[in-house]
Amino acid sequence: MSLFDIFNRQRQNGHSHSLAIDSAIPDIPETTFIEKEAPEKEAPEVKPVAPLNGGIHQLYDFLDKNYESKGYNDALINPDATHLDQNVIALKNDLERSIRKVKTFYEDFIRQINFHISSRSRSGMIDTVEELTIKKEIAESHINQVIEIEEQAKVNEGVGHGIVISYTRGFRNGLAAISGHIILNKNF
């Protein structure tokens with residue numbers, strides 16, 4: 001006896017539960033579940049890609065962010081000087097972490113280039129070796145810029161310190177906005 005025989009036997013015995021269920025379910029049109037025409041798609045937004053993924057462009061993207069508005073918003077949320085100090089320390093840590101990522105990227109890249117230079121020079125590929133040497137010089141130039149930014153940030157100077165100045169300015173503007181709204185706008 002199969003599974004379907006059980007259902008057929010119940011129908012023969014006068015039980016018509018399945019017939020009642022079948023008649024109670026309305027027909028659902030095919031268009032409810034299947035889309036006949038594909039919707040028009042918008043063209044995907046094309047983002048410019050940095051030539052070296054993880055290179056100096058990543059560090060400059062970090063440095064170019066608007067930290068003044070972040071400081072302003074943070075002051076509106078928590079207008080405490082210790083909050084300012086903690087966020088400045090956090091920004092400096094983020095900068096240090098970004099610098100380490102970029103330095104690691106270039107150190108690995110230079111190791112790979114050195115391997116290719118020695119391998120291709122053994123094969124007598126002079127033009128390729130010269131192109132690789134130029135790439136290596138560019139990478140070394142970038143890593144020197146990163147090291148310079150790192151050294152300047154350690155002594156609170158240069159572009160790395162600019163994010164701290166920007167954040168602090170925004171935080172202080174937020175404090176001024178709070179004072180202006182709460183105290184200075186009151187009429188006596």
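What follows draws every value from the coordinates through simple rules; no lab data is involved. This structure is a prediction, so every number in the text was calculated from the model and none was measured. When we count neighbours, we look across all protein chains shown, and the Cβ atoms used for this are built from the backbone with ideal geometry, even at glycine.
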In the neighborhood of Ser179, defined by Cβ-to-Cβ distances under 12 Å, what is the net charge if each Lys or Arg adds +1 and each Asp or Glu adds -1?
+2
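For a quick protection proxy, order the peptides 72-78, 117-123 by their average other-Cβ count within 10 Å, most packed first. Could you put the intermediate results ahead of the total?
Working: 72-78: 15.7, 117-123: 13.4.
Highest to lowest by the protection proxy: 72-78, 117-123.
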For Ile143, the net charge from surrounding residues (Cβ-Cβ under 15 Å; K, R +1; D, E -1) works out to -1
Nonlocal Lys pairs with alpha-carbon distance under 30 Å, the stretch 75-188 (8 or more apart, or different chains)
12
For the stretch 89-123 and the stretch 125-155, compute the distance between their C-alpha centroids and round to whole Å.
9 Å
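Percent relative contact order of the stretch 56-184, based on C-alpha pairs within less than 8 angstrom and at least six residues apart? Mind showing how you got there, number by number?
On the way: 112 pairs, mean separation 64.1, N = 129.
Taking the mean separation of contacting Cα pairs over the length of the stretch 56-184, I get 50 percent.
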